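Single-structure report; data block below.
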Amino acid sequence: MQSNQEEKGNAAIEAEVVSDHDHHNDFDDVDWFDGELSSKQWRTLCTICSVVSFIIIISLSSALNSAKNKNTAGDKTDLKQPVPTILPTPPPTTPPVDITWCFNSREYVADARYASLQSILVNSGLSTDTEFATDNSYQRKSLCWLAFGDALQIDKSDPFIGQRFALATLFYSLNEPSKLLSSGWLSSKHECKWTPMVECDVRTNSTISKLNISDFDLQGQLPKELSSLRYVTHLDLSNNLLNGGATKALSGWSVLQELRLANNSFESVPELVDVMSSITYFDVSANNIVGEIPVFLSFASNLVYVDISSNSFSSNIPDYMGGNLPQLYSLYMHSNDLTGKMPRSICNLRNVSLRNLSVDCDAAEGDVASDVSCDVPQCCTVCNGYI
């Protein structure tokens with residue numbers, strides 16, 4: 001009987017061992033490479049993966065938050081600000097200083113700066129004490145601007161005081177054109193930066209070499225103070241309302257190469273005796289000039305272009321005019337009151353350099369009403385037909 005009990009106990013133990021073995025080897029019964037997982041095993045595997053992924057996400061989130069808090073607690077002044085894609089709108093231009101009180105009062109007399117500048121300009125011969133003392137004179141206005149209105153406040157020892165003053169006289173003597181002012185004339189910049197109206201010598205960047213003031217509604221007579229700009233090589237004052245003469249304003253301009261005064265109301269040709277060796281371009285067309293063709297044009301040996309058309313020049317064309325102009329390419333003399341015969345010296349230039357020659361004439365043979373006798377096309381290239 002004891003033997004039977006032992007057999008039953010052993011059987012129970014074996015059954016328990018088998019059950020336990022089956023429980024711990026659910027995955028062992030499957031071939032991982034060739035077999036298939038049961039739905040229970042899939043659920044177990046997915047649960048494990050989900051738990052692992054959740055732990056990783058939590059860890060990364062904690063690390064990022066820690067780094068962010070550390071940066072925030074640091075010195076924020078070291079952070080670089082983003083560069084704007086569009087530049088900010090600049091503040092409005094400072095309005096010009098009101099200096100009209102200086103134009104017709106004696107308040108300026110007590111100002112040391114004004115007195116010093118006046119003394120310098122008078123001693124240089126640009127203007128006189130009488131002109132500065134005259135109320136509302138363009139000289140007084142120009143000096144008032146230089147002393148009180150000029151934001152640059154040029155130093156009294158600056159050697160180019162006269163140059164800046166001369167440009168101011170051009171503005172105040174010619175009806176103070178707003179178009180010129182709005183383009184930068186009398187600005188706080190150095191006058192060499194009043195572009196494109198003013199250009200300076202590239203070597204010094206301080207001495208004015210070119211003035212391009214065409215079509216700026218300038219009205220009146222050129223101020224004599226411009227004569228101080230004696231290193232100007234190019235001057236364009238065309239398409240304005242200028243009148244009178246220009247000889248005083250341009251006297252001493254010994255290096256002038258191009259002079260453009262077309263479409264104004266000038267009444268005389270500037271006598272440019274000082275520039276006979278340098279002038280190459282001369283245009284005074286469409287003015288109110290009367291009298292004979294100026295003699296100096298016949299001796300400016302470097303002239304390439306001459307236009308005196310649409311004026312009231314009279315008398316004969318000088319016989320010697322073409323003898324000293326070996327480089328002349330264009331000569332326009334139509335729409336005048338010239339008479340006589342085209343000089344042979346000019347016609348001979350047609351075989352040298354002259355390509356354009358115009359005058360009031362009539363190519364019809366025997367026409368006694370012609371102004372100037374000139375063979376076409378042997379000499380003159382165009383005859384009549386001008387407006």
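The values are calculated or read from the model by the stated rules, or taken from the named source; none is laboratory data. Quick caveat: nothing in here was measured; it's all calculated off a predicted structure. Positions of Cβ are generated from backbone atoms using ideal geometry, with glycine treated the same way; all protein chains shown enter the neighbour counts. Accessible surface is based on the protein model in full, side chains and every heavy atom, while ligands, DNA and RNA are left aside. Shrake-Rupley method; radii C 1.70, N 1.55, O 1.52, S 1.80 Å.
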All positions within segment 195-239 that are part of a strand (DSSP E or B) and of a type in the set (Lys, Arg):
Lys210
Applying the selection to segment 185-199, what residues are within 13 Å of Asp150 (Cα to Cα) and open to solvent by less than 20 Å² (accessible area, probe 1.4 Å)?
Trp185, Glu191
Of the residues Ser309, Ser335, Ser254, which single one is in contact with a His (Cβ under 7 Å, 6 or more places away or on another chain) and either surrounded by fewer than 20 Cβ atoms within 10 Å (Cβ to Cβ) or part of a loop (DSSP other than H, G, I, E, B) (or both)?
Ser309
Among residues of segment 240-251, those that are aliphatic (A, V, I, L, M) and assigned to a helix (DSSP H, G or I), counted
2
Looking at segment 162-179, can you tell me whether even one residue there is exposed (fewer than 13 other Cβ atoms within 10 Å of the Cβ) and not β-branched (Val, Ile, Thr)?
yes
Give me the residue from segment 359-387 that is among the β-branched types (Val, Ile, Thr) and at pLDDT 85 or above and, out of that set, surrounded by the most Cβ atoms within 10 Å (Cβ to Cβ).
Val359
I'd like to know if segment 240-253 contains one or more residues that are among the hydroxyl-bearing types (Ser, Thr, Tyr) and modelled with pLDDT of 95 or more.
no
State all residues of segment 303-343 that are modelled with pLDDT of 95 or more and charged (D, E, K, R); if no residue qualifies, say none.
Asp307
In segment 201-234, what residues are of a type in the set (Val, Ile, Thr) and at pLDDT 95 or above?
Thr207, Ile208, Ile213, Val232, Thr233
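Please go through segment 258-297 and pick out each residue that is part of a strand (DSSP E or B) and either open to solvent by less than 40 Å² (accessible area, probe 1.4 Å) or farther than 21 Å from Val359 by Cα (or both).
Glu258, Leu259, Ser265, Phe266, Phe282, Asp283, Gly291
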When segment 79-118 is examined, which residues are found to be of a type in the set (Phe, Trp, Tyr), at pLDDT 80 or above and open to solvent by less than 50 Å² (accessible area, probe 1.4 Å)?
Phe103, Tyr114
Condition test on Glu176, is it part of a loop (DSSP other than H, G, I, E, B) and among the charged types (D, E, K, R)?
yes
Of (1) open to solvent by less than 70 Å² (accessible area, probe 1.4 Å); (2) on the phi > 0 side of the Ramachandran plot, Asp215 satisfies every one except (1)
Looking at segment 312-327, which of the residues that are farther than 19 Å from Val255 by Cα and part of a loop (DSSP other than H, G, I, E, B) is least open to solvent (accessible area, probe 1.4 Å)?
Ile317
Failed item in (1) out of contact with any helix residue (DSSP H, G or I) (no Cβ under 7 Å at 6 or more places or on another chain); (2) in contact (Cβ under 8 Å) with a residue 40 or more places away in the chain; (3) not basic (Lys, Arg), with Glu199 passing the rest:
(2)
